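The values are calculated or read from the model by the stated rules, or taken from the named source; none is laboratory data. Just so you know, these numbers come straight off a predicted model, no measurement behind them. Neighbour counts run over all protein chains shown; Cβ positions are idealised from the backbone, glycine included.
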Amino acid sequence: MSLSDVMIHIEPALSADARSSLEERMRQIDGVIAPRFNPGKEHLLLIAFDPDKTGPADLLGAVKSAGHAAQQVGV
């Protein structure tokens, strides 16, 4: 298994409950290894994933389908 990551910028920054809920939602996607927000950067979601099972566009789409305004960082 190979490992990649993608950073997604979410605006506005989410509450602690919303961040936790989104992390859990992302964990349900096949291939997602570790979605996480870092303290002090509540608007940035870093997702480690297996690129053989999912990709950045799918992950960004999942964040948007959860109702969040988001964009991939570094594209």
Qualifying residues in the range 52-70 (those that are without any contact (Cβ under 8 Å) to a residue 12 or more places away in the chain and under 16 Å from Leu14 (Cα atoms)) - the one nearest to the chain's Cα centre (by Cα): Lys64
Leu14 at pLDDT below 95, aliphatic (A, V, I, L, M) and surrounded by 14 or more Cβ atoms within 10 Å (Cβ to Cβ): yes
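Check the range 28-42 and report whether any residue there is within 15 Å of Gly74 (Cβ to Cβ) and not in a helix (DSSP H, G or I).
At the first step, the residues of the range 28-42 found to be within 15 Å of Gly74 (Cβ to Cβ) are 41.
Cutting the leftovers down to not in a helix (DSSP H, G or I) gives us 41.
There is at least one residue in the range 28-42 that is within 15 Å of Gly74 (Cβ to Cβ) and not in a helix (DSSP H, G or I).
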Considering residues of the range 22-51 that are more than 16 Å from Ser4 (Cα to Cα) and under 11 Å from the mean Cα position of the chain (by Cα) only, the residue surrounded by the most Cβ atoms within 10 Å (Cβ to Cβ): Leu22
